[in-house]
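**Student:** Quick one: this structure, given as structure tokens, is what I'll be asking you about.
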Amino acid sequence: MLYAFGFDRIGVLAGDLYFADPNAVQGQEGPEQGVRLEVRLLQRGELRGSVYSARPIAVERPVWRADLLESVANPGSFDRAHHHPRFRGWEPGPRRFVEEMSADPVAWVGKRLSELEGVLEEAGVAQDEVGPSDASGVRSAVPEMLDAVRRLLDGVRARELGLPPEGPTLDRARVGWL
């Protein structure tokens, strides 16, 4: 399941995730499940018809990611919760583990989103890449975004979301929208 929140030039996406890293570092072996939340840049396209036509909107480059993950072997532990404060193009930087994030990942993500200016600065996003109302728009929508994250986590806990692939797709390392 994927939730998308759009503002002027910033989008926030959240989706369920099942991930099995074929080259996991020591101590992080085994599949993970949970919720991935990304801050992305949005790009509005030109109208492709009349003034009444739908406008294309592209969800583009990721700038920050929070992975509210736990090892499948330890459900409810958030033992793999981490974030990626910076991307190089489409590739995330190294995982950053934060104790407060594992203790209460939803609150931690809410705090980070409420401080979007700092997140964008840390990510190396230039001021001219975002709109003037993006930070205030994200801040005002934090309760709604956190509600969506909680619903996704509830679905993972109920074993309705964040499930492993079945059948011939077992060799895929990641299942999820983001």
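The values are calculated or read from the model by the stated rules, or taken from the named source; none is laboratory data. Model, not experiment: these values are computed from the prediction. Neighbour counts run over all protein chains shown; Cβ positions are idealised from the backbone, glycine included. Calculation scope for accessible area: heavy atoms of the full protein, side chains included, ligands and nucleic acids excluded. Shrake-Rupley method; radii C 1.70, N 1.55, O 1.52, S 1.80 Å.
**Student:** I'd like the full set of residues that are in contact (Cβ under 8 Å) with a residue 24 or more places away in the chain, open to solvent by less than 90 Å² (accessible area, probe 1.4 Å) and either in contact with a Ser or Thr (Cβ under 7 Å, 6 or more places away or on another chain) or closer than 11 Å to Trp64 by Cβ (or both), limited to segment 117-139.
**Tutor:** Of everything in segment 117-139, those that are in contact (Cβ under 8 Å) with a residue 24 or more places away in the chain, open to solvent by less than 90 Å² (accessible area, probe 1.4 Å) and either in contact with a Ser or Thr (Cβ under 7 Å, 6 or more places away or on another chain) or closer than 11 Å to Trp64 by Cβ (or both) turn out to be Val119, Leu120, Glu122, Ala123, Gly124, Val125.
**Student:** Right, something else. Of the residues Val125, Val138, which is of a type in the set (A, V, I, L, M) and outside any helix (DSSP H, G or I)?
**Tutor:** Val125
**Student:** Now for a different question. Are any residues in segment 82-106 farther than 19 Å from Leu17 by Cβ and in contact with a strand residue (DSSP E or B) (Cβ under 8 Å, 6 or more places away or on another chain), and if so, which ones?
**Tutor:** Within segment 82-106, Arg86, Gly89 qualify.
**Student:** Could you please give the count of residues in segment 90-128 that are farther than 28 Å from Asp79 by Cβ and modelled with pLDDT under 95?
**Tutor:** 3
**Student:** On to the next question. Against the condition open to solvent by 100 Å² or more (accessible area, probe 1.4 Å), assigned to a helix (DSSP H, G or I) and either modelled with pLDDT of 95 or more or farther than 19 Å from Met1 by Cα (or both), how does Asp154 come out, does it pass?
**Tutor:** yes
**Student:** Then there is this: Which one of Asp8, Asp21 is at pLDDT 95 or above and out of contact with any Pro (no Cβ under 6 Å at 6 or more places or on another chain)?
**Tutor:** The conditions single out Asp8.
**Student:** Can you tell me which residues in segment 140-151 are farther than 25 Å from Glu32 by Cα and either surrounded by 15 or more Cβ atoms within 10 Å (Cβ to Cβ) or modelled with pLDDT under 95 (or both)?
**Tutor:** Ala141, Val142
**Student:** If you take the residues of segment 30-51 that are charged (D, E, K, R) and in contact with a Leu (Cβ under 8 Å, 6 or more places away or on another chain), which of them is farthest from Leu113 (Cα to Cα)?
**Tutor:** By that ranking, first place goes to Glu32.
**Student:** Something else now. Test Arg159 against the stated conditions and say whether it is free of Cβ contacts under 8 Å to residues at least 24 places away in the same chain and at positive phi.
**Tutor:** Against the criterion (free of Cβ contacts under 8 Å to residues at least 24 places away in the same chain and at positive phi), Arg159 qualifies.
**Student:** Which pairs have Cβ atoms under 9 Å, sit 6 or more apart or on different chains, and link a residue in segment 95-109 that is part of a helix (DSSP H, G or I) to one that is acidic (Asp, Glu) and exposed (fewer than 15 other Cβ atoms within 10 Å of the Cβ)?
**Tutor:** Ala107/Glu100; Trp108/Glu100
**Student:** Taking segment 28-46 on its own, how many of its residues are under 17 Å from Leu68 (Cα atoms) and out of contact with any strand residue (DSSP E or B) (no Cβ under 7 Å at 6 or more places or on another chain)?
**Tutor:** Selection size over segment 28-46: 2.
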